[in-house]
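Have a look at the structure below, then the notes.
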Amino acid sequence: MNETIKLLKNHRSVRLFEDRALSAEQIEAIVTSAQSAATSSFIQAYSIIGVTDQQKKDKLAELTGGQEYVAKNGHFFVFCADLFRHELIGEIEGKEVLPSLESTEKFMVALIDTALAAQNAAIAAESMGLGICYIGGIRNNLEAVTELLKTPKRVIPLFGMTIGYPMQENDKKQRLPYEHVYHENEYNQDLASYKEQLSIYDEFISDYYNKRTNGKRSDTWSSQMAQMLEKQTRMYMKEFVNKQGFDLK
């Protein structure tokens, strides 16, 4: 196994960082690594906002649900789907680009481009010995986030990423079984084997929590997911996305 694969397989979220800022060189290396990710048709439909103002970081920590590590880290990045520049390009070049920019397809392109760039950034950071944690709580209140970060129309902050020097390394959570995720030639719809794979995985996860909490917790992955999905969250999203210039039907 080569060093890149070892690094990828060793990923875990870090939520406690040293009080030590990243250097300008580290930030540039992380961002330029993100920019080297694959991008659909060279569209590069994303932007990255680095938040260094402590008051803004404190407010973002509040907006994301009181996640302290959003305020205390080496650097906080916000990854945004961004078609603002593409509308401007249409104006400069005298082309009618709005029907395309407002389509569900281009919205998906922007989401995928942003996610690919972010994962490159995460890998670059971890290769430097830094820890990272994705912050989906950015989407708890996007109206407030866009106001705080002054993002224009056709820009949507999708998630944050805390990066810094780890003070504590969490245990690695085992992912779903390889056989459950990888399907060859066609999707496996044998429900008996599908449910068996989930059951085996649930035993692993229950044992993980049981050992990690000294018996105080032993829930399964399936019960965790069902409980989470039963609760409707961020149901304002379609309205917000449409308001930002993506005409999703």
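The values are calculated or read from the model by the stated rules, or taken from the named source; none is laboratory data. A quick note: this is a predicted structure, and the numbers were derived from the prediction, not measured. For neighbour counting, all protein chains shown are included, and Cβ atoms are generated from backbone atoms with ideal geometry for every residue, glycine included.
A compact table of results
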quantity: Filter result for Ser40 (in the same structural domain as Leu142 (by TED's automatic domain parsing), more than 18 Å from Tyr134 (Cα to Cα) and surrounded by 15 or more Cβ atoms within 10 Å (Cβ to Cβ)); calculated: yes
quantity: Residue count, the range 222-249 (criterion: surrounded by 12 or more Cβ atoms within 10 Å (Cβ to Cβ) and part of a loop (DSSP other than H, G, I, E, B)); calculated: 7
quantity: Scope the range 161-189; condition free of Cβ contacts under 8 Å to residues at least 12 places away in the same chain and part of a loop (DSSP other than H, G, I, E, B); matching residues; calculated: Arg175, Tyr182, His183, Glu184, Asn185, Glu186, Tyr187, Asn188, Gln189
quantity: Residue match in the range 46-62 (condition: more than 28 Å from Glu25 (Cβ to Cβ), buried (at least 22 other Cβ atoms within 10 Å of the Cβ), in contact with a helix residue (DSSP H, G or I) (Cβ under 9 Å, 6 or more places away or on another chain) and in the same structural domain as Cys133 (by TED's automatic domain parsing)); calculated: no
quantity: Residue in the range 129-141 that is farthest from the chain's Cα centre (by Cα), counting only those that are surrounded by fewer than 22 Cβ atoms within 10 Å (Cβ to Cβ) and assigned to a helix (DSSP H, G or I); calculated: Asn141
quantity: Set Glu126, Glu91, Glu147: member being within 26 Å of Ser23 (Cβ to Cβ), assigned by TED's automatic domain parsing to the domain that holds Thr52 and not in a loop (DSSP other than H, G, I, E, B); calculated: Glu126
quantity: Residue check, Asp113 within 19 Å of Lys150 (Cα to Cα), assigned by TED's automatic domain parsing to the domain that holds Arg139 and of a type in the set (D, E, K, R); calculated: no
quantity: Selection status of Ala21, touching a strand residue (DSSP E or B) at 6+ places or on another chain (Cβ under 9 Å) and not in a helix (DSSP H, G or I); calculated: yes
quantity: The range 83-113 - residue that is without any contact (Cβ under 8 Å) to a residue 60 or more places away in the chain and within 23 Å of the chain's Cα centre (by Cα) and, of those, nearest to Lys153 (Cα to Cα); calculated: Arg85
quantity: Boolean, Asp219 is free of Cβ contacts under 8 Å to residues at least 40 places away in the same chain, in a loop (DSSP other than H, G, I, E, B) and surrounded by 13 or more Cβ atoms within 10 Å (Cβ to Cβ); calculated: yes
quantity: Which listed residue, of Ala34, Ala45, Ala81, Ala29, is closer than 18 Å to Ala118 by Cα, touching a Pro at 6+ places or on another chain (Cβ under 9 Å) and aliphatic (A, V, I, L, M); calculated: Ala81
